[in-house]
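The values are calculated or read from the model by the stated rules, or taken from the named source; none is laboratory data. Source: prediction; values computed, not measured. Glycine gets a Cβ as well: all are built from the backbone with ideal geometry, and neighbour counts include every protein chain shown.
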Amino acid sequence: MSRSAHPAGPRHADVYPEGHYTAPATDLNELDPKVWSRTVTRDADGALTVGGIEVARLADEFGTPAYFLDESDFRARCRAWSDAFGPDADVFYAGKAFLSRAVVRWLQEEGLNLDVCSGGELATALDAGMPAERIAFHGNNKTVAEIERAVEAGVGRIVLDSFQEIVRVAHVAQRLGVRQRVQIRVTVGVEAHTHEFIATAHEDQKFGIALADGLAAEAVRRALTLDGIELIGIHSHIGSQIFDMAGFEVSARRVVQLLAEVRDEHGVELPEIDLGGGLGIAYTSEDDPREPHEIAKALSDIVTRECESAGLRTPRISVEPGRAIVGPTAFTLYEVGTIKPLEGLRTYVSVDGGMSDNIRTALYDAEYSVALVSRSSDAEPMLVRVVGKHCESGDIVVKDAFLPSDLAPGDLIAVPATGAYCRSMASNYNHALRPPVVAVRDGEARVIVRRETEEDLLRLDVG
Ligand SMILES: Cc1ncc(COP(=O)(O)O)c(C=O)c1O
């Protein structure tokens, strides 16, 4: 299928329902820097380039669908977070957003720590040489084998998520003859303003131990009596894709209150608090994310103020951004396969990927932007739904967007801000082959996670 423009392609600019969706006032060729990674631009021919390389060349060399990750943007975001928090705080990149050996090396080079939440993430971190003391190990149901591996490796901290886990980690550490540093994850009772499935600090969900009813205080009591563990702090993560700092402020206040209660009851001042990740990014031009320096200032001001009024020494703060670092740094490149105008409704544009490379739209009703990137176009906008090739009508990548009405099979379109929770949540549904991740920097592109092959699929099928 040719990738060149199809001047004779279907024209259906008039299919979007009048008055329901307003065609965008902005030029569809414009790439909003809020949603695209930093080195993305259009060249003189109107094609998108990233790291100085044109998308058609990337598609020819690496195929589609594929994720292209802007390495210098990733590194710049790491630096912005660590500069904003400074030497008296710690930034842990949340590996669940996207993890690979290359990412682990970049994190080390940029001075960040790493949060992992499974044996697989831990193995990747260690294999790529992340010093164990810079790793935090999370998860609401770590297996004993995972705990053993983490303790043996010497991870800097394990974040305890339940009463059973307090005992489990203490026993493993004692058996291995070490004292494991731990934090206790508490749920502070904050309703984060985000999708239900990514809000994590209200009480009716699976993570952490509630501050309510004295449960968290009881967890601290138990942790302080066990020899195998050293309680170094309290952890709270209130959810994901959050723009409003109010939830973080309430969370910080409640965590500091618990520190004061612990001091009053046990005479111990816990030296650390972790306020989790969850900062939102721009998926569309409507989103207005906060900058790391604003977040750092808001959090450290509130913690300092609360500690002063409780007569506590200010603890060392840590945070765990995942999406806010990697999310904006990548886009997914697709080739348009079929185009179906539905009279009076919208036009369905099918691409060569779908819910197997981006489940977030189906899972959270996530919103995305999309652009024609193999060329520019002055054609009128048409309302589209970008869908995948899977056997589900919910297989939607971008629910509502505008693309030029001369869009044609063979065109390349790209969905920005897919660096977080896309490749890491990718699946083999319909035996799709999970796309590669290609890092692009200063005119060079290299595969950091290769495309799956049919041999990979068949290797696991041993029946
Ligand atoms: C404990 C914890 N920390 C950090 C994160 C990262 O969140 P985000 O990628 O939204 O920053 C998560 C996400 O689920 C989490 O559960």
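So, in the stretch 224-255, how many residues would count as being surrounded by fewer than 21 Cβ atoms within 10 Å (Cβ to Cβ) and touching a helix residue (DSSP H, G or I) at 6+ places or on another chain (Cβ under 8 Å)?
Number satisfying all stated conditions: 6.
For the stretch 162-191, give me each residue that is at pLDDT 95 or above, within 17 Å of residue 270 (Cβ to Cβ) and within 15 Å of the ligand (Cβ to nearest atom).
Matches in the stretch 162-191: 182, 183, 184, 185, 186.
Quick test for you: out of 294, 320, pick the one residue that is in contact (Cβ under 8 Å) with a residue 60 or more places away in the chain, charged (D, E, K, R) and within 16 Å of the ligand (Cβ to nearest atom).
That would be 320, the only listed residue that is in contact (Cβ under 8 Å) with a residue 60 or more places away in the chain, charged (D, E, K, R) and within 16 Å of the ligand (Cβ to nearest atom).
Need the failing condition index for residue 21 against (1) at pLDDT below 55; (2) within 30 Å of residue 420 (Cβ to Cβ), just the number.
Failing condition for residue 21: (1).
Inspect the stretch 338-358 for any residue being within 16 Å of the ligand (Cβ to nearest atom) and either touching a residue at least 12 places away in the same chain (Cβ under 8 Å) or under 30 Å from residue 255 (Cα atoms) (or both) and give the result as yes or no.
Among the residues of the stretch 338-358, at least one is within 16 Å of the ligand (Cβ to nearest atom) and either touching a residue at least 12 places away in the same chain (Cβ under 8 Å) or under 30 Å from residue 255 (Cα atoms) (or both), which makes the answer yes.
Hey, can you tell me all the residues within the stretch 126-149 that are touching a Gly at 6+ places or on another chain (Cβ under 9 Å), more than 23 Å from residue 221 (Cα to Cα) and either away from the ligand (no atom under 15 Å from the Cβ) or of a type in the set (D, E, K, R) (or both)?
Passing the criteria: 131, 132, 133, 134, 143, 145, 146, 149.
Of the residues that sit in the stretch 269-291 and are over 21 Å from residue 95 (Cα atoms) and in contact with a helix residue (DSSP H, G or I) (Cβ under 6 Å, 6 or more places away or on another chain), which one is nearest to the ligand (Cβ to nearest atom)?
Once the filter is applied, the top-ranked residue is 270.
Please give the strands (runs of 3 or more DSSP E) falling wholly within the stretch 61-164 in which 1 or more residues are of a type in the set (S, T, N, Q).
Of the strands (runs of 3 or more DSSP E) lying wholly inside the stretch 61-164, those with at least 1 residues that are of a type in the set (S, T, N, Q) span 113-116.
With respect to residue 258, is the statement that it is closer than 25 Å to residue 114 by Cα, more than 16 Å from the ligand (Cβ to nearest atom) and not polar (S, T, N, Q) true?
So residue 258 does not fit the description; no.
Filter the stretch 394-437 down to residues that are within 16 Å of the ligand (Cβ to nearest atom) and either outside the structural domain of residue 366 (by TED's automatic domain parsing) or surrounded by 24 or more Cβ atoms within 10 Å (Cβ to Cβ) (or both), then give me how many there are.
So the count comes out to 7.
Select, from 239, 233, the only residue that is modelled with pLDDT under 95 and within 16 Å of the ligand (Cβ to nearest atom).
Being modelled with pLDDT under 95 and within 16 Å of the ligand (Cβ to nearest atom) holds for just one of 239, 233, which is 239.
Tell me, please, whether a residue that is crowded, with 21+ Cβ neighbours inside 10 Å, of a type in the set (Gly, Ala, Ser), within 25 Å of residue 437 (Cα to Cα) and modelled with pLDDT of 95 or more can be found in the stretch 301-319.
No: zero hits.
Anything in the stretch 101-119 that is of a type outside the set (A, V, I, L, M), more than 16 Å from the ligand (Cβ to nearest atom) and either assigned by TED's automatic domain parsing to the domain that holds residue 426 or within 17 Å of the chain's Cα centre (by Cα) (or both)? List them, or say none.
The answer is 101, 106.
Modelled with pLDDT of 95 or more, crowded, with 19+ Cβ neighbours inside 10 Å and of a type in the set (D, E, K, R): does that describe residue 121?
Yes: the conditions hold for residue 121.
I need the full set of residues from the stretch 197-210 which are buried (at least 24 other Cβ atoms within 10 Å of the Cβ) and either farther than 29 Å from residue 359 by Cβ or at pLDDT 90 or above (or both), in order please.
Residue satisfying the conditions is 208 alone.
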